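Some notes on the structure that comes next.
Derivation of every value follows stated rules applied to the coordinates shown; laboratory data play no part. Predicted model only: the values in this text are computed from it and were never measured. So basically every Cβ, Gly included, is an ideal-geometry build from the backbone, and we count neighbours across all protein chains shown.
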Amino acid sequence: MSEQKKGQSIEEKQYLVRFNADTKSHLHVKDEDICLTQCPDKICTIFCPAEIYKWEDIRMHVGYEGCHECGSCRIGCPHQNIKWEYPKGGHGIVFRLG
Ligand code: SF4
Ligand code: SF4
């Protein structure tokens, strides 16, 4: 067993899902003004299962680190205002099973 594995906590050894976040977001709101002026329902704050999108007074905060990579925001934004790419290789969600 490697040194790193020996040092793992019980929680780490039992993980089913974890995230290896990149330093750069793979999610971008293309035009903040559209969110502000043309999207009263801010539906991305509802359909995203990971609650990545949070409306903060006048802008959308995108907490990309916990993205489940389900792809819903590609089709769910009524204004096609979200640019979504797969995270770079080695980053993003990590499934232990499945
Ligand atoms: S659903 Fe699209 S347009 Fe509406 S707030 Fe979210 S990103 Fe902006
Ligand atoms: S891909 Fe899915 S989890 Fe990630 S931000 Fe879009 S809706 Fe949320």
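Remark on residue 30: its backbone amide H falls under 5 Å from those of 82, 83, a criterion applied only to residues 5 or more positions apart or on other chains, H modelled at 1.01 Å from N. Between residue 94 and residue 34, the simple label model (points 7 Å from Cα in the Cβ direction) yields a spacing of 3.4 nm. Summing Lys and Arg as +1 and Asp and Glu as -1 over all other residues whose Cβ lies under 11 Å from the Cβ of residue 94 gives a net charge of +1.
Loop-resident trypsin sites (Lys or Arg not before Pro) (DSSP state other than H, G, I, E or B) in the range 61-91 with no more than 11 further Cβ atoms inside 10 Å of their Cβ: 88. The reciprocal of the average 1/r between distinct C-alpha atoms defines the Kirkwood hydrodynamic radius, which for the range 24-95 equals 12.5 Å.
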